[in-house]
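Asks: Have a look at the structure that comes next, please.
The values are calculated or read from the model by the stated rules, or taken from the named source; none is laboratory data. In this text the structure is predicted, and so the values were computed from the model without any measurement. No Cβ is skipped: glycine too gets one built from the backbone with ideal geometry, and neighbour counts run over all protein chains shown.
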Amino acid sequence: MSTEKEKLRIDKYLWAIRLFKTRSQAATACDAGKVKFDGVAVKPARTVAINEEYEVKTEAKRWRIRVTGHLHARVKAAEAVKFYTDITPEEEIQRLQYQAASFHTGKRPSKIGRPTKKERRDLEGFMGD
């Protein structure tokens, strides 16, 4: 005997654990093939079971998660992390750290301002002008 409360859609689950900002974004990701179970894209209505592993591609990261509990409503992020285990491979985490470290806009850091006259002279002497 199963009740409706025991069943949980993947789009609702991904929204509740805060991988997506809205449920419609989670459903769109499922439709676009960005949510996979055993390497196969899933539909938004797929029922989630505990201990299943999913690959989820968001704008920020490629997640690999294991379901540890059902969450039917969106809660605080500190509470949401109790309902899944992040098993993202180490290579993906290192790739994200490398991308963040290599991001450079070419602008001077803020709050430094223009070089002083003394700093300009030192720079000119260093550069050979």
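Asks: Any residue at all in region 31-39 that is within 14 Å of A73 (Cβ to Cβ), in a helix (DSSP H, G or I) and not aliphatic (A, V, I, L, M)?
Replies: Quick first cut of region 31-39, residues within 14 Å of A73 (Cβ to Cβ) only: none.
No, region 31-39 contains no residue that is within 14 Å of A73 (Cβ to Cβ), in a helix (DSSP H, G or I) and not aliphatic (A, V, I, L, M).
Asks: If you go through region 11-30, how many residues are without any contact (Cβ under 8 Å) to a residue 24 or more places away in the chain and in a helix (DSSP H, G or I)?
Replies: Within region 11-30, the subset without any contact (Cβ under 8 Å) to a residue 24 or more places away in the chain is 21-28, 30.
Right, trim to in a helix (DSSP H, G or I) and you get 23-28, 30.
Residues flagged as without any contact (Cβ under 8 Å) to a residue 24 or more places away in the chain and in a helix (DSSP H, G or I) within region 11-30 amount to 7.
Asks: Could you tell me whether region 77-90 includes any residue that is modelled with pLDDT under 95 and over 23 Å from K21 (Cβ atoms)?
Replies: yes
Asks: Would you confirm whether or not region 42-56 contains a residue that is of a type in the set (D, E) and over 14 Å from Y84 (Cβ atoms)?
Replies: If we filter region 42-56 for residues that are of a type in the set (D, E), which is where we start, we get 52-53, 55.
Next, only the ones that are over 14 Å from Y84 (Cβ atoms) stay: none.
No - not one qualifying residue is present in region 42-56.
Asks: Does A78 qualify as being loosely packed, with under 11 Cβ neighbours inside 10 Å and in a helix (DSSP H, G or I)?
Replies: yes
Results for (1) modelled with pLDDT under 95; (2) part of a loop (DSSP other than H, G, I, E, B); (3) closer than 16 Å to C30 by Cβ; (4) out of contact with any Phe, Trp or Tyr (no Cβ under 7 Å at 6 or more places or on another chain), shown as yes or no for each residue.
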residue: Y54; (1), (2), (3), (4): no, no, yes, no
residue: E59; (1), (2), (3), (4): yes, yes, yes, yes
residue: W63; (1), (2), (3), (4): yes, no, yes, yes
residue: R66; (1), (2), (3), (4): no, no, no, no
residue: Q94; (1), (2), (3), (4): yes, no, no, yes
residue: Q97; (1), (2), (3), (4): yes, no, no, yes
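Asks: Take the residues of region 30-53 that are among the hydrophobic types (A, V, I, L, M, F, W, C) and closer than 10 Å to D11 by Cβ: which is surrounded by the fewest Cβ atoms within 10 Å (Cβ to Cβ)?
Replies: Residues of region 30-53 among the hydrophobic types (A, V, I, L, M, F, W, C): 30, 32, 35, 37, 40-42, 45, 48-50.
Cutting the leftovers down to closer than 10 Å to D11 by Cβ gives us 30, 35, 42, 45, 48.
Numbers: C30: 23, V35: 26, V42: 20, A45: 12, V48: 20.
This residue is A45.
Asks: Restricting attention to region 31-63, which residues are free of Cβ contacts under 8 Å to residues at least 40 places away in the same chain, β-branched (V, I, T) and in contact with a helix residue (DSSP H, G or I) (Cβ under 8 Å, 6 or more places away or on another chain)? Break it down into steps so the answer makes sense when it comes.
Replies: From region 31-63, those free of Cβ contacts under 8 Å to residues at least 40 places away in the same chain are 31-46, 49-53, 55, 57-62; that's our starting set.
Those still in the list that are β-branched (V, I, T) too: 35, 40, 42, 50, 58.
V35, V42, T58 - these are the residues of region 31-63 that are free of Cβ contacts under 8 Å to residues at least 40 places away in the same chain, β-branched (V, I, T) and in contact with a helix residue (DSSP H, G or I) (Cβ under 8 Å, 6 or more places away or on another chain).
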